[in-house]
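Here is the structure we will look at, set down as structure tokens.
The values are calculated or read from the model by the stated rules, or taken from the named source; none is laboratory data. Fair warning: this is a prediction, and the values are worked out from it, not measured in the lab. Please note: Cβ atoms are built from the backbone with ideal geometry, for glycine as well, and neighbour counts cover all protein chains shown. These accessible areas exclude ligands, DNA and RNA; they are computed on the full protein's heavy atoms, side chains included. Shrake-Rupley method; radii C 1.70, N 1.55, O 1.52, S 1.80 Å.
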Amino acid sequence: MAQAPRSRGVVVPAVLICTTALSGCVGTERVARKRPPPAPVAEAPLEPAAGPALAGERIGSGSVKVALVVPLTGQGASVGAALRNAAQLAYDEGQQPDLTLLVEDDGGTPAGAASATERSLKAGADLVLGPLFAGNVRAASVPARAAGKPMIAFSTDVGVASRGVYLLSFLPQPEVSRIVEEEVASGRRSFAALIPETAYGNAVEAQFREAVTNRGARVAAIERYPAGAPGEAVKRLSGVITGPRATADVLFIPETADGLPAVAAALTGAGFSPAKVRPVGTAPWNEPALFALPALQGGRFAAPDRGGFSGFSARYQARFGAIPPRVASLAYDAVMLSATLTRQFGTQRFAEPTLTSASGFAGLDGTFRFSPEGTSDRALAVYEIRNNAVSVVSPAPRVLGKPGLAAAAPQ
């Protein structure tokens, strides 16, 4: 998986992020038994938050100060408000944590993120949660690094990860590794790929090549295409993925929910049969509107387990009267992690060996861990699309495998 972490110094067992309200660990058995119907992963339009969140707001009165730097005005303000609300929910469910959350508005800009981070550090923050956007993370990391304080940010751009700047986000690289691993385990050895000429496509291509090679399989062919115009690439690839002489048995399509219908239509028009060559993808496939596409029937994708988010979404809606965006769970987990580490590790709560424990931490979206280089790894499930629905064909493992190795088998 992407930049797998190493154990450094202190060996920290897997930490369970627990809450009073759930009487157990987030995403564990009690949640599963009382789980409401799964909420769709596609982000619903966010309704206005319950009251404006203001810069300088304080949540809690504990001795350990943790900053939450998010956009409460400007670009991304609606998502920032949801992150703030999720942080409030985590604090309320966190067994009276010894925390004070310093909520700061970055205005959706790099300059605002740097200023907000500086304010929180001057106020005594020992850890910075956020920002959301890559440019803001990069800017905010400057004062944080100068002060020797770690950051747990929410950007999906691995280019901003670094020592002391950890990404608690849904990175595509672990998803690519997980789905390739699952297909090789099922006996498939020849992979073709249709990859859009987008930032997302660029981010996953190298990981795809590496994952296939590392598992002893082969890349039969890769075709790139302009966003929204896959037709010519499908034609060029047709000899590999269609007809009786098809040489691939897997077709990797790392597309967004908006881009997949055009790709699926081009594949169907070219005579592609998903029964012969299995289409596979990443978490953006987890969109109900895609489940009826003929070219994706029998297709599989890797994504976080949906159970934890479903329970969180129900509690969030009950509290704030709005549907949370998918990323809101990141702020919840970040605050729960801060509370748990403060409770268990004293002065070493946010030290690098603690944060980069190879065993990782259990959160809403499953087990995760940080690498010393700042990227993250997640325990992911594999889903299969059939008859306008999805089902789990390989559950997310309860524990992550040793760094650099395939994940342990589910228990």
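For ALA153, nonlocal amide neighbours, meaning residues 5 or more places apart or on other chains whose placed amide H falls under 5 Å from its own, are GLY130, TYR166, LEU167, LEU168. Take each peptide in 247-257, 77-87, count the other Cβ atoms within 10 Å of every residue, and average; sorted highest first, the result is 77-87, 247-257. Divide the volume of the convex hull around the Cα atoms of region 265-339 by the residue count and you get 111 Å³ per residue. Remark: region 234-310 carries 35 Å² of accessible area per residue (probe radius 1.4 Å; ligands, DNA and RNA excluded). In plain terms, the chain from ALA289 to GLU210 could stretch by 25.4 nm, reckoned as 0.36 nm per residue minus the Cα-Cα distance. Please tell me the relative contact order of region 151-209 in percent, rounded to the nearest whole number, where contacts are Cα pairs under 8 Å and at least six residues apart. So the answer I get is 29 percent. When a 1.4 Å probe is rolled over the protein heavy atoms, the share of accessible surface on region 254-381 that falls to carbon and sulfur comes to 56 percent. Ignoring aspartates and glutamates fewer than eight residues from LYS65 along the same chain, the ones with Cα atoms less than 14 angstrom from its Cα are GLU57, ASP98, GLU104, GLU118, ASP126. The calculated FRET efficiency for ALA146 paired with GLN348, based on their beta-carbon distance and R0 = 25 Å, is about 0.70. Classify region 193-271 as rounded, prolate or oblate from the Cα gyration tensor: take a ≥ b ≥ c as the square roots of its eigenvalues, call it rounded if a/c is under 1.5, otherwise prolate when a/b beats b/c and oblate if not. It is oblate, given that a/c is not under 1.5 and a/b is not larger than b/c. What's the FRET efficiency of ALA229 with SER186 using the Cβ-Cβ distance as r and R₀ = 35 Å, to the nearest 0.05? The value I calculate is 0.65. Extension gain for LYS122-ASP98 works out to 6.7 nm (0.36 nm per residue, less the C-alpha to C-alpha distance).
Phi-derived couplings, Karplus 6.51 cos²θ - 1.76 cosθ + 1.60 at θ = phi - 60°, listed residue by residue for region 155-162: 6, 9, 8, 5, x, 9, 6, 6 Hz, with x used for Gly and Pro. For region 145-238, the fraction of 1.4 Å probe accessible surface lying on carbon and sulfur atoms is 49 percent. Note on region 112-244: Kirkwood hydrodynamic radius from all Cα pairs is 17.3 Å, rounded to one decimal. Within the accessible area of region 71-114, the carbon and sulfur atoms contribute 50%, probe 1.4 Å, all protein chains present.
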